[in-house]
1. Which net charge results when you count Lys and Arg as +1 and Asp and Glu as -1 among the other residues whose beta-carbon is under 15 Å from that of ILE196?
2. What ranking do 132-145, 305-318 get when scored by the average of other Cβ atoms within 10 Å per residue, highest first?
3. Net charge near GLY135: determine it from the other residues with C-beta under 10 Å of the C-beta of GLY135, scoring Lys and Arg +1 and Asp and Glu -1.
4. Calculate, in whole percent, how much of the Cα-Cα pair population of the stretch 60-214 lies beyond 18 Å.
5. Would you calculate a helix-derived [θ] at 222 nm for the chain, using -39,500 (n - 2.57) for each DSSP H run of n ≥ 4 and dividing by the full residue count, to the nearest 500?
6. Kindly flag which residue pairs out of LYS281/LYS351; LYS116/LYS280; LYS116/LYS351; LYS281/LYS335; LYS116/LYS204; LYS280/LYS335 have an alpha-carbon separation exceeding 19 Å in this structure.
7. Taking only the Cα atoms of the stretch 222-351, how large is their convex hull per residue, in Å³?
8. Just to be sure I understand: with springs between alpha-carbon atoms less than 10 Å apart, which residue in PHE56, PHE42, PHE104 has the highest mean-square fluctuation in the Gaussian network model of the chain?
Amino acid sequence: MFFKRNKTITLTSDDALPGRDRYAFDIPSRHAVLGTPIQPPFPEEIETAAFALGCFWGAERLFWRLPGVYTTAVGYTGGVTPYPTYEEACSGHTGHSEAVLVAFDHTKITYESLLKTFFEEHNPTQGMRQGNDVGTQYRSAIYYANDEQRRMAEAALESYDSAVQAAGFSAITTEIAPAGPFYYAEGYHQQYLHKIPNGYCGLKGTGVSCSMSEAKQDDETPRPLPENEDEWRSCLTPEQYSVLRQAGTERAFTGEYVDTVDDGIYRCRACGNLLFDSNKKFHSGSGWPSFTEALSSEAVELIDDGSHGMVRTEVRCGRCHSHLGHVFDDGPREKGGERWCMNSVALDLTKR
């Protein structure tokens, strides 16, 4: 298959830095955001995946924000030098890439979903660089844990390569290789953009959607719901939890779907339930994504809401009962007169 054309690193042990037989630094025991262990052993239902997509600071944040991800860590893999330091990895003499280890609950998020995030959130056509970051450590790579991951990665790469070339980009240079030893990076690199919120992130996608046909098929099967609020907190970001589980409201004009016109189906961010069709979306000027109707009466539940001294109708997900927004009667009259005003953070768009 064509993916074997991708350039790989052929550094030998004779050419590489010697490294050492143990870490030269301490590794944090817990994830600074999720609170979970960043080193195995992990719970039985947890699977692992490893991705390289440029500077690992921004790359790690992409994955820890995904519902269903148990923990993440940054480190060095794909090369030769054992237990390298950051300075050694940056020298180009270890063969390693800057990578993210993703430990995920396969009952809550699919590997295909991780692949979609990987391909869409960086430019996989740039060879030994990513944006302004140049060097072999910034190459694009997928390190598979088993044959099933390899098969899915190859299929996704082949499909996405056609899409990006049709959009005018060069061929994808992503390396697909079996997962080898993952050497954790120094503690200050772990969850760096949580510790330094305005820190450097050089990642930028192509703008081309990665269509994951297998992921869409899997998404038709509802994923299991968390059993308590602690589990909800572990699979949602703080902002998502505030809105979905505590009936919060994101600030107007800040949500990712306010002006989105992409064709597709909007799902509940918390559980994947089908909620709205993009064909029913309109620009209300309110600062929140608005729809003229829900997909069905079963998709949502309506609750009388007397909070904040107002009389409103709250909209919740019909499956997991998470807060989505409110419905008002000031929508387009020619389309029924309703305005379903939703929080972007409560939605997830699956493009058609």
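Laboratory data are not the source of any read-out in this text; all were calculated from the coordinates shown. Everything quoted here is computed from the prediction, not taken from an experiment. Every residue, glycine as well, gets a Cβ built from its backbone with ideal geometry; the counts of neighbours run over all protein chains shown.
1. Charge balance near ILE196 sits at 0.
2. Highest mean packing first, the order is 132-145, 305-318.
3. On the way: positive: ARG129, ARG139; negative: GLU98, ASP133.
Overall, the nearby charge balance is 0.
4. 60 percent
5. -5500 deg cm²/dmol
6. Pairs exceeding 19 Å: LYS116/LYS280.
7. Spread over its residues, the Cα hull of the stretch 222-351 gives 109 Å³ apiece.
8. PHE42
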